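K.L.:
I'd like to ask you about the structure that follows.
None of the figures in this text is laboratory data; all of them are computed from the coordinates on show. Since this is a predicted model, take the numbers as computed values, not measurements. Counting neighbours? That spans all protein chains shown, and the Cβs are built from the backbone with ideal geometry, glycine included.
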Amino acid sequence: MIALGQRNPAERVLIDARALEDKVNAFNVLHLINRYPAASKTRRIAVLELATQKQSHEFHETAATNRGFTVRHFTDAAQAASWLRQRGP
């Protein structure tokens, strides 16, 4: 995912993570965010997820925001798409 983000200049990104079964812990989240390319700070990133993974994804959203990234998590694809279409960061 990170390599794709480095090669693609898209300003709006939807990541469908509903099929992922790995449990995400705080260390993994921080490690992932530290690997985000700086260019991603100008992107809106929506992550589509299962409701059962809400706690770890809330941490990801907060940690990414604290580092200057615009990331939101959703369980509804229509809401994610609507947020991505909005103007602004």
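K.L.:
Within 10 Å, count the other beta carbons around each residue, average over each peptide in 71-77, 51-57, and list them highest first.
P.N.:
Details: 71-77: 16.3, 51-57: 13.9.
Peptide ranking by packing, descending: 71-77, 51-57.
K.L.:
Please list 3J(HN,Hα) in residue order for segment 27-44, calculated via the Karplus relation 6.51 cos²θ - 1.76 cosθ + 1.60 where θ = phi - 60°; whole Hz, with x for glycine and proline.
P.N.:
Values per residue, Gly and Pro as x: 4, 4, 4, 5, 4, 4, 4, 5, 8, 4, x, 4, 4, 5, 5, 9, 9, 9 Hz.
K.L.:
Still on this structure, I have one more. If I model a spin label as a point 7 Å beyond the Cα along the Cα-Cβ vector, how far apart are those points for residue 75 and residue 11 in nm?
P.N.:
3.2 nm
K.L.:
I would also like to ask the following. Expressed in nm to one decimal, what extension gain is obtained for the pair residue 28 and residue 86 from 0.36 nm per residue of sequence separation less their Cα-Cα distance?
P.N.:
Details: separation 58, 0.36 × 58 = 20.88 nm, distance 2.95 nm.
Additional length available on full extension: 17.9 nm.
K.L.:
Which value, in Å to one decimal place, does the Kirkwood hydrodynamic radius take for segment 2-85 when every pair of different Cα atoms is included? Mind showing how you got there, number by number?
P.N.:
Values: mean 1/r = 0.0768 Å⁻¹.
With all distinct Cα pairs of segment 2-85 included, I get 13.0 Å.
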